[in-house]
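Scroll down for the structure; my scribbles are underneath it.
The values are calculated or read from the model by the stated rules, or taken from the named source; none is laboratory data. Treat the numbers as computed from the prediction; the structure is a model and nothing was measured. Ideal geometry is used to build each Cβ from the backbone, glycine not excepted, and the neighbour counts take in all protein chains shown. The accessibility values were calculated without ligands, DNA or RNA, using every heavy atom of the protein model including side chains. Shrake-Rupley method; radii C 1.70, N 1.55, O 1.52, S 1.80 Å.
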Amino acid sequence: WEYPKPHHQYVVGADPGGERVDRDPSCAYVVNKHTHEMVAQIYGHLTASDLTLALAEVGYYYNTAHVVVESNFNPTVANELHRMNYPNLYYYFKDAQIGALQGRNPGFNTNVKTRPEILGNLKQLMTERTPNIPDPHFWKEMETFVFVPKAASLNPDRDGKFQAVGKNHDDRIIAAALAYFFTPPPGPPPTPEADPN
């Protein structure tokens, strides 16, 4: 949708899927950190190696973008980007004790704590300042992404989670949520003198 701008920083949020058509597809979005505009997309049933190469190429093309790959269900892509020494990959620590022993892990771990955080950030962004998202399929996914209460919960208004209903997908929403979670509030565009890159 938009070529990279000199001296601008970008974030790539990626939700790896499967290569078979009966699996969830993979999705990645590129977001301009300064304008909040979504500028590019990767989408489809790609092999892990094809998605890895596509993310690396897109990352380098967009000024060595910060690449954030969801990794708890399929860590292959994040691990391969790590092996390729992609220089701006996101890493996480499982916890302080494990981190001290094993170090950081490539990718973003989406769990019961972090999933509500990234989706809450996306919801707040949509409420306060809807960003320019030119992908019409993203908005279609938003229509079927709803809060589902936990069965037999004492607090059904709070206990549950947002998810795609029926046979619908949420790959675009998770990819966008990851990209925007690492995108600060928009400010003035950088000047060449202020940009260390």
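The table for this structure:
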read-out	value
Calculated FRET efficiency for the pair Phe73/Lys167, C-beta based, R₀ 25 Å, to 0.05	0.85
Accessible area of Glu143 in the full protein assembly, 1.4 Å probe (Å², nearest 10)	130
Cβ-Cβ FRET estimate between Tyr92 and His137, R0 fixed at 35 Å, reported to 0.05	0.80
Protection proxy ranking of 171-184, 77-90 - average other beta-carbon atoms within 10 Å, highest first	171-184, 77-90
Peptides ranked, highest mean first, by Cβ atoms within 10 Å: ranges 3-11, 124-132	3-11, 124-132
Candidates per trypsin sites (Lys or Arg not before Pro) in segment 14-56, loop by DSSP, up to 12 other Cβ within 10 Å	Arg20, Arg23
Accessible-area order (highest first, 1.4 angstrom probe) of the listed residues Trp1, Trp139	Trp1, Trp139
Mean Cβ neighbour count within 10 Å, used as a protection proxy, ranking 46-55, 111-120, 63-72 highest first	63-72, 46-55, 111-120
Under Karplus coefficients 6.51, -1.76 and 1.60, residue-wise ³J(HN,Hα) of segment 3-20 in Hz, glycine/proline x	6, x, 9, x, 6, 8, 9, 10, 10, 10, x, 10, 10, x, x, x, 8, 7
For Glu143, net neighbour charge (Lys/Arg +1, Asp/Glu -1) across residues whose Cβ lies under 13 Å away	0
For segment 1-138, share of DSSP beta bridges that run antiparallel, in % to the nearest 5	70
Label-point gap, in nm, between Lys113 and His7 - each point 7 angstrom along Cα→Cβ	3.9
